1. For the chain, state the average projected area of the convex hull of the C-alpha atoms over all orientations, rounded to one decimal in nm².
2. In whole angstrom, and with the biggest value first, how far do the Cα coordinates of segment 142-286 range along each principal axis?
3. Roughly what angle does helix 154-176 make with the longest principal axis of the chain, taking Cα atoms, 0 to 90 degrees, to the nearest 10?
4. In whole Å, largest first, what are the principal axis extents of the Cα atoms in segment 58-113?
5. With label points built 7 Å along Cα→Cβ from the Cα atoms of R170 and D266, find their separation and express it in nm.
6. Can you list, bin by bin at 5 Å, the percent of alpha carbon pairs in segment 243-345, starting at 0?
7. What list do you get for F413, F147, F63 if you sort them by fewest beta carbons within 10 Å?
8. Given the -39500 (n - 2.57) contribution per DSSP H run of 4+ residues, what per-residue ellipticity at 222 nm results for the chain, rounded to the nearest 500 deg cm²/dmol?
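Nothing in this text is a laboratory measurement; each read-out follows from the coordinates by a stated rule. Since the model is a prediction, treat every value here as computed from it, not as a measurement. Because the Cβ atoms are built from the backbone with ideal geometry, glycine has one as well, and the counts that use them run over all protein chains shown.
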Amino acid sequence: MKRVRSDTGGDPIARESAGPGGGRSRPRVVVVGGGFGGLAATRALRHAPLDVLLVDRTNHHLFQPLLYQVATAALSAAEIASPLRQVLQRQANATVVMAEAVGLEVEERRLLLRIDGEEPVAIDYDYLVLATGVRHSYFGHPEHERFAPGLKTLEDATSVRSRILAALERSEARAILPPDRGPSALVLVGAGPTGVEMAGALAELTRGTLAGEFRRVDPGSVGILLLEAGPRILPTFHEDLASRARSRLERMGVEIRLGAGVEAVDSRGVRVGGEWIEAAAVIWTAGVAAPSIAAWVGAETDRAGRIRVEPNLSVPGRPEIFVIGDLAAHSQDGRALPGVAQVALQGGRYVAKVIESRERARRFPGPFRYRDLGNLAVVGRNFALFELGCLRLAGWLPWVLWATLHLAQLALFNNRLLVFAQWVWSYFTWQRGSRLIHWRSGS
C-alpha cells in the first residue's frame, strides 16, 4: 500500500492529547460514518475516558427513512439533515472530521483519510467502529445507475425530485409545443419498503398536490409503475399485510408488476421481459451492496459484501474493529438481522458499552441481542403497516405510530418541529413546499 503521512506529531487532535512521551494520553476511538449507528456509538461514549473521532464524507447526519419525502417534494433536504457538529457540540470528548476513508492499515491500526482530494493521511486508532452503511446495488449492471438513480443521499433525493418534476414540466411543454407525445410513466424498480413508500408518495403528488396546476396535462394521468422481480411486494412483511398494501397502492392508481426483472435501462425507459416501457423517470429502489471498505478489513463477507462479525459485533481476529448497521452481516436465532435503523442504533450503543467496559475493566456485556420493536411502512396518508411478532395492523393507527416514531428519532428538536409543521400543513392543504427543480452541475 502506498505510504502516506501519519498523524503522529502532526495532527492537531493528537497534539492536544499527547502525553509527555509524545503519545496520546487517552485511547482513541475512530467512528467511520455519521449515520444512525455511528452517531449512536459516538453519543453513547460521551462519558467514557476516551477521545472519539467521528469521520464522515459529509457534515451532517441524514435521516434516511424520510429521503423518499425529499424525493417527492414533501420535505426539504434541510428538514431531515442535522449538522454533526451541532448534534455533538456538548460532547467534549467528540471531534468531527469531514473526510473520506480511503484505506485501512489493519496491522498498524491506522485509517487512511482523504480531505478534498489531497494526499491521504493516516490516523491512528485504538478502536475502530465501521458504520458506513451500504449503497444501492444494480446486480452487476453499474451502467443502470446513470439512468436510474437510487435513494441513499440528499443528492440522490434532490436529483430524483428534479427528474420527476422536470418530467411533468416536459409533458406540459410538449402538449403546447408540437409534437405532443403525452406523459410517460414514472417507474420504480424494487417493491421493498422504500419502493412502496415512494410509490404511494408519487401517487399523492400527481393525483393530489399537482391536480389542476397544469393547463394541458393531467398529472393524474401519468402512470406510476412499480416493478418487482420477486413473487410479491414487501417480502419482509407478512403476506397478509403485503396484500393489503398492494390493494391500497392499486386503489391509488399504482400499477404493480411482479416477477418483472429489469433487463436494460436507458434515457428512454426500461426493458422488462422483452417489453420496452417508455419512462419519464426511473428510480432504483432495489437491492443493497457494501462499499469497498469491507474489503480493506480482510474479513469474510456475505454475498452482498457485508462483513461477518462475532457475537459482540467485532471482526473475527480483530477485537479492536467493530462493524455495525447495514455493513454488518449478523444473524440472530438463525435469521439475518434486517437493514433497518433500529439495528444500527442498538448496535452502536452496544459497541460503545463493549469499548467502555474494556477501558474501565468492567465485566463485558453479553452477546449483542437485537430487540425487535416492530416493522413499519407507510402507504400514503392515513395508511401504514405495523408488524411485531404475531401482531399485525394496517390503517390509520399504524400511520400515527409511524409518524410519531419518525419525529422522535430525528436528531435535533428543530428538525422535529420543522417536519411536524410541514406534515400538518401538507395534510390539510395537500400542498408540498419543496418543488424546486435543481440540477447539479454537469447534469
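1. 22.8
2. 47, 33, 32
3. In the chain, helix 154-176 runs at an angle near 20 degrees to the longest axis.
4. Sorted largest first, the three principal extents are 47, 27, 15 Å.
5. Those two pseudo-labels are separated by 1.4 nm.
6. All Cα pairs considered, the percentages come to 2, 10, 15, 14, 12, 11, 12, 11, 7, 4, 1.
7. In order of increasing Cβ crowding within 10 Å: F413, F147, F63.
8. Counting only the DSSP helices, I get -8500 deg cm²/dmol.
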